[in-house]
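**Student:** Submitted below is the structure of interest, expressed as structure tokens.
The values are calculated or read from the model by the stated rules, or taken from the named source; none is laboratory data. Quantities reported herein were computed from a predicted structural model and do not represent experimental measurements. Note that each Cβ is placed from the backbone with ideal geometry, even for glycine, and that neighbours are counted across all protein chains shown. Protein only, heavy atoms only, side chains kept; ligands, DNA and RNA dropped before computing areas. Shrake-Rupley method; radii C 1.70, N 1.55, O 1.52, S 1.80 Å.
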Amino acid sequence: MKKFVIALVLVQFAAYSNASPGLEGEYVCDSCHGYLTVKASKVKTYKVWLGTGGGSCGGEVFAKSDMAQAVGNTITFTWKLKNRVCKTKISIEGAHAFVSDSCTRPEDEDDSTCAVLGEYTKREKER
């Protein structure tokens, strides 16, 4: 029984370690009010929460997914807005993430306290 449990733990660890730990973290938008969290869930699958971190829309969810797929350093997931199916794309390069969406253009968010699209910087972990 012990061998089975150890083998199961090793298999689960190997599956989790296939997710890229460099993608995980909390990100704050540099020029908007967005807040982004990315957490590994399964192999190449992430839990993503994208919403407003400040402004008059603080705390509102823009898009989220428990099954966001990663290919390389890019995470994508689909969600619905009324009758439209939207696709959010998050490209992560080192400590920076760029968020875009098929249903919203950056121009749509100009001068909005609810804006979430744009470039993000990874927050440092508190010690």
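**Student:** Would you tell me the accessible area of Leu117, worked out with a 1.4 angstrom probe on the heavy atoms of the protein chains, in Å² to the nearest 10?
**Tutor:** Approximately 20 Å² of Leu117 is accessible to the 1.4 Å probe.
**Student:** Using a cut-off of 14 Å between beta-carbons, work out the net charge of the residues near Val71 (Lys and Arg +1, Asp and Glu -1, Val71 not included).
**Tutor:** Values: positive: Lys44, Lys87, Lys89; negative: none.
My count for the surroundings of Val71 gives +3.
**Student:** Trypsin sites (Lys or Arg not before Pro) within segment 43-107: which are DSSP loop residues with at most 13 other Cβ atoms inside 10 Å? Present the calculation step by step, with values, prior to reporting the outcome.
**Tutor:** Working: sites: Lys44, Lys47, Lys64, Lys80, Lys82, Arg84, Lys87, Lys89; in loops: Lys44, Lys82.
Taking segment 43-107 and a limit of 13 other Cβ atoms within 10 Å, the loop trypsin sites (Lys or Arg not before Pro) found are Lys82.
**Student:** OK, next. What number comes out for the charge environment of Lys47, summing +1 per Lys or Arg and -1 per Asp or Glu over other residues with Cβ under 12 Å away?
**Tutor:** Working: positive: Lys39, Lys42, Lys64; negative: Glu24, Asp66.
Its environment carries a net charge of +1.
**Student:** Taking all protein chains together and a probe of 1.4 Å, list Trp49, Trp79 from the most accessible to the least accessible.
**Tutor:** Working: Trp49 65, Trp79 40 Å².
Result of the area sort, largest leading: Trp49, Trp79.
**Student:** Shifting gears a bit: Among Lys42/Lys80; Lys44/Lys89; Lys44/Lys64; Lys64/Lys87, which pairs are too far apart, with a Cα-Cα distance over 21 Å?
**Tutor:** On the way: Lys42/Lys80 23 Å; Lys44/Lys89 15 Å; Lys44/Lys64 16 Å; Lys64/Lys87 11 Å.
Over 21 Å Cα-Cα: Lys42/Lys80.
**Student:** Right, something else. Over the Cα atoms of segment 14-103, what radius of gyration and what Dmax do you get, in Å?
**Tutor:** 12.9, 43
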